[in-house]
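Let me begin by presenting the structure, written as structure tokens, before commenting on it.
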Amino acid sequence: MSELAHGTGGLIPAAEVPEMELPHPHGWWSTYVFSQDAKVIGIQYSLTAIAIGMVALVLSWLIRLQLGFPNTFTFIEPQAYYQFITMHGMIMVVYLLTALFLGGFGNYLIPLMLGARDMVFPFVNMLSFWVYLLAVLVLVASFFAPGGPTGAGWTLYPPQAILSGTPGREWGIVLMLLSLCLFIAGFTMGGLNYVVTVLQARTRGMTLMRMPLTVWGIFTATVMALLAFPALFVGAVMMLLDRLIGTSFFMPTLVEFGERLRYGGGSPILFQHLFWFFGHPEVYIVALPAFGIVSDLISTHARRNIFGYRMMVWAIVIIGALSFIVWAHHMYVSGMHPWFGFFFATTTLIIAIPTAIKVYNWLLTLWRGNIHLNTPMLFALGFIVTFVNGGLTGLFLGNVVVDVPLSDTMFVVAHFHMVMGVAPVMVIYGGIYHWYPKITGRMLDETMGKIHFWITFLGAYAIFFPMHYLGLLGVPRRYHEIGETAFVPASAGDLNAFISVVALVVGAAQMLFLFNLAWSLRHGRASGPNPWRATTLEWQTPETPPGHGNWGPELPVVHRWPYDYSVPGAKEDFVPQNQPDPSPSHAARGLAT
Amino acid sequence: MAVALILVLVAVGSVAFHLLSPWWWTPIASNWSYIDATITVTFWITGVVFVAVVGFMAYCVFRFRSTPGRRAVHEPENKRLEVWLTVATALGVAAMLAPGLFVWHLFVTPPADATEIEIIGQQWQWSYRLPGEDGRLGAVDTRLVSPDNLLGLVPGDPAGRDDVIIQADDFHLPIGRPVKVLLRSVDVLHNFYVPEFRAKMDMIPGSVTYFWFTPTRTGTFDVLCAELCGSGHAVMRGRVVVQTAEEYQAWLGGQRRFAQAAGDTR
Ligand code: HEM
Ligand SMILES: [Cu+2]
Ligand SMILES: [Cu+2]
């Protein structure tokens, strides 16, 4: 019955795709800088994303200093505070997470996991990185521009975003919109590459239903991003026009500080629809690669097949599709037509079902496994806890009327940090600890890794779990201080101070991680080609780190699904995907009933 | 072992925090206790799921952690279990969604006898307008906004002459009478938010949005802006005073009408 998903043996189709011509580097520059090798591009993407992510991390410290100790850090004026949260949020979501998952993990892993030599359009792939780097530089430039970066909030809602009551309206907002346009252009080049590579360049025997879930996650997220980012792109272009040449796409008749502006006839709500048509799928653009990667981490380190592989694939695809019809759950109190609430609440809560299935299947993969509690596995466990926590509070915010009191409070901030901040970051770390040996040939230090994990996981939980209750109390988000209010007890200030102290510690622990990355490069234990005894193709390369073109003269041939762990009758507790030996029969694996 | 224990502590600690910490919603002052009830139901369902998931994870980590000689069980699928879990999840989701949609229907359907009042946001202050004896609010036009006519009333409209206008002052409401709040902005997005009322809604320049509620408790409540509106967002404050009908009438008698206000400045 289950041949489709996990069939061993079977017919391997003859090679249909001719071997690709690889562009060969000549010398240092084209090997390490203007490289067309997806692995190098993946590393470039990752390092750039981590570097700009550090900026966002430092900004979160400044934000927390202000919230925890109001009136102490007088240089953080309201304007600066808004600039900090805006840049922090936008960098984290777009320039760190999206770039790292798709540009970083995607580039490094897709060709290797599929048995391809490289992405199908290596030159466009290289261009993708350089345009991304330019987008980052334009973004950074806004810190130095007159008036500073924009303080419009990462949602950039007009009319406020381009009016004078908001900091950074001179240059900041213009550079932000330009940078987003560049990012999207760069991403599109990479994204088309990933999609075509997955569809066209899989090696023999690698059917779609034999792809590791990591690839499924990145692939689906890329398709989604290709469909969602254009909405942001047009929104950004229209807003640029409103700002620079005085069109009124999003600008109604308005009077600001007693002055009648020359706008009229536009719709602020239209921008919100465009933004969230991108913004909600964006959550899953970050989440789906994380789902995929964490599935592979759990399966490998619990030495057990991923439970319900086909269900997992379908859940990824269904979540991807559904997430295009839930966007207005971010707009329940935006003043859109109230009847939308019924529709969007229903679709939003329906998504919970395939999402829950994924969680169950991760748990059932642990169940009756042989769990190795190494650093990647710990991060995977940390992911499940934070993702489930954040997913459950999503059921509050998705359920339209429950969102009314909670929307725009710290409850929302706590929710989305848990579900799309902490949880995906856990997976990124897990993934880095897992694949670093393949990238460098050396293991990251486990002791440092475990310290890093426990501080990050427990610390992040201690930051964001209590924060929900501030929101429940009624503390609004995007307030640089709560000021005089009757309903906020003084003890809330103590809680804020506690959160801020923990945030500083958690931030500092990330330095340990960076140190580990650098230190292990030279001093880490040599890993060998397959230190985790994993089944997927990237661990079966002839060289570690894999050379240009990934494989020797012959491409690998795939004979089985990626989750043959602890197969009864097999000698080892893993059977690599490219191992032909069909020794364990179907019957022996308890499939044929 | 230690890992399993810490996971259990995370689950137990979360529940303990929920039950014992002093931070909880403010006592309600409107008819929307339905919303609080729906939140409570959601807390129960999600709380049980959270503890079950983390607990089960801790059990697995404890019971199936790698020991010499252990081998995992190879079991790719289990249809019955998967179907069973899917159905149970769908039921749980429905148990939250059904009351949610029911209460949302109430929330967006103001009763016929609700008094219409208007709240106007501008950077960074609140203004209010009440209909006069004719029970109708006069016409407005953002293009007419000026220092003497901050709300942009159309001076020629007779329905507007008796409108009560409150600027830079506390707003008052009588207890027990449903109000339909019409929301307007003259510049950017704002959001009228009183935590004790549990209701909020954005104000959009160029549109009129609304919500309704019935004050159920007398007292003075803080008004905050809940939609980022520029650098003064956090100081865009106000106060609503809910009082008995008599007190309210006395206050109303002392308020100025649009015709008066326009006359004064002329
Ligand atoms: C050390 C970890 C982090 C801390 C302490 C932190 C803290 C904060 C704080 C205090 C705010 C401002 C809340 C407000 O007043 O509205 C904020 C906003 C935000 N953060 Fe984080 N954050 C962290 C990591 C992340 C990550 C990994 C993401 C990625 C998704 C993220 C995404 C955002 C977004 C989107 C906003 C909203 C910005 C806005 O309101 O426009 N943060 N963060
Ligand atoms: Cu969403
Ligand atoms: Cu405001």
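Probe 1.4 Å, all protein chains in place: accessible area of B:T42 in Å², nearest 10?
So the heavy atoms of B:T42 present about 0 Å² to solvent.
Hey, how many Å between the Cα centroid of the range B:162-225 and the Cα centroid of the range A:442-475?
39 Å
Leaving out ligands, DNA and RNA, what percent of the accessible area of chain A is carbon and sulfur, probe 1.4 Å?
Heavy-atom surface of chain A belonging to carbon and sulfur, 1.4 Å probe: 69 percent.
So which residues in the range A:452-493 end up with at least 40 square angstrom less accessible surface once the other protein chains are there, compared with the chain by itself, probe 1.4 angstrom?
A:W454, A:Y461, A:F465, A:Y469, A:L472, A:L473, A:R478, A:Y479, A:F487
For the range B:1-91, give the percent of accessible area contributed by carbon and sulfur heavy atoms, probe 1.4 Å, rounded to a whole number.
Numbers: 3640 of 4810 Å².
Reported share for carbon and sulfur atoms: 76 percent.
For B:D141, B:D148, A:D564, what's the largest-to-smallest order of accessible area, 1.4 Å probe? Mind dumping the intermediate values first?
Numbers: B:D141 45, B:D148 110, A:D564 0 Å².
Accessible-area ranking of B:D141, B:D148, A:D564, largest first: B:D148, B:D141, A:D564.
How much accessible area per residue does the range A:515-557 have, in Å², with a 1.4 Å probe?
50 Å²
Can you pull out the buried accessible area for chains A and B, both sides counted, probe 1.4 Å, rounded to the nearest 100 Å²?
Roughly 9100 Å².
Say the dipole of the protein assembly as shown comes from +1 at the beta carbon of Lys and Arg and -1 at that of Asp and Glu; which of A:W29, B:P68, A:L109 then lies farthest toward its positive end?
B:P68
Can you work out the base-10 log of I(q)/I(0) for the range B:115-265 at q = 0.21 1/Å, using the Debye formula on its C-alpha atoms alone?
So the normalised log intensities are -1.50.
Suppose we look only past 20 Å in the calculated P(r) of the range A:373-527. What percent of the Cα-Cα pairs does that tail hold?
Within the range A:373-527, distances greater than 20 Å cover 55 percent of Cα pairs.
Rounded to the nearest percent, how much of the accessible area of the range B:137-256 (1.4 Å probe, protein heavy atoms only) is carbon and sulfur?
Percent of accessible area from carbon and sulfur atoms in the range B:137-256: 51.
About the Cα centre, and with charges only on the beta carbon of Lys, Arg (+1) and Asp, Glu (-1), how big is the dipole of the protein assembly as shown? Nearest 20 debye, please.
With Lys and Arg at +1 and Asp and Glu at -1, about 2100 debye.
What list of ³J(HN,Hα) values in whole Hz, one per residue of the range A:97-108 in order, does the Karplus curve 6.51 cos²θ - 1.76 cosθ + 1.60 (θ = phi - 60°) give from phi, with Gly and Pro shown as x?
5, 4, 5, 6, 5, 7, x, x, 4, x, 5, 5
Going by a 1.4 Å probe on protein heavy atoms, which residues of the range A:228-273 end up with at least 40 Å² less accessible surface in the whole assembly than in their chain alone?
A:T253, A:V255, A:F257
Could you work out the relative contact order of chain B, using alpha carbon pairs under 8 angstrom and six or more residues apart, expressed as a whole percent?
Numbers: 428 pairs, mean separation 52.6, N = 266.
That works out to 20 percent.
Report the Cα centroid-to-centroid distance between the range A:85-137 and the range A:151-171 in angstrom, as an integer.
Spelled out, the Cα-based centre of one part sits 28 Å from the other.
How many angstrom separate the Cα center of the range A:262-299 from the Cα center of the range A:512-561?
Cα centroid of the range A:262-299 versus Cα centroid of the range A:512-561: 33 Å apart.
Under a 1.4 Å probe, what is the accessible area of the range B:1-69 per residue, stated in Å²?
Details: 3410 Å² over 69 residues.
So the range B:1-69 comes to 49 Å² accessible per residue, rounded to a whole number.
Over the heavy atoms of B:K79, what accessible area does a 1.4 Å probe trace out, to the nearest 10 Å²?
130 Å²
What accessible area per residue comes out for the range A:277-416, rounded to a whole number of Å², with a 1.4 Å probe? List each step's numbers first, then the result.
On the way: 2680 Å² over 140 residues.
It amounts to 19 Å² per residue over the range A:277-416.
What percent do you get for the relative contact order of chain A when only Cα pairs under 8 Å and 6+ apart count? Spell out each step's value before the answer.
Values: 1003 pairs, mean separation 98.9, N = 593.
Once divided by the residue count of chain A, the mean separation gives 17 percent.
Dimensions of chain A along principal axes (Cα, Å, largest first)?
Answer, in whole Å and largest first: 80, 51, 50 Å.
What's the average, rounded to a whole number, of partner chain beta-carbon atoms within 10 Å of each residue's beta-carbon in A:556-565?
Taking all residues of A:556-565 together, the mean is 1.
In square angstrom, rounded to the nearest 10, how much accessible surface does A:D445 have for a 1.4 Å probe?
A:D445 exposes around 40 Å² with every protein chain in place.
The values are calculated or read from the model by the stated rules, or taken from the named source; none is laboratory data. If you're wondering where the values come from, they're calculated on a predicted model, not measured in any experiment. Note that each Cβ is placed from the backbone with ideal geometry, even for glycine, and that neighbours are counted across all protein chains shown. Side chains are part of the model used for accessible areas, which takes the heavy atoms of the whole protein and leaves out ligands, DNA and RNA. Shrake-Rupley method; radii C 1.70, N 1.55, O 1.52, S 1.80 Å.
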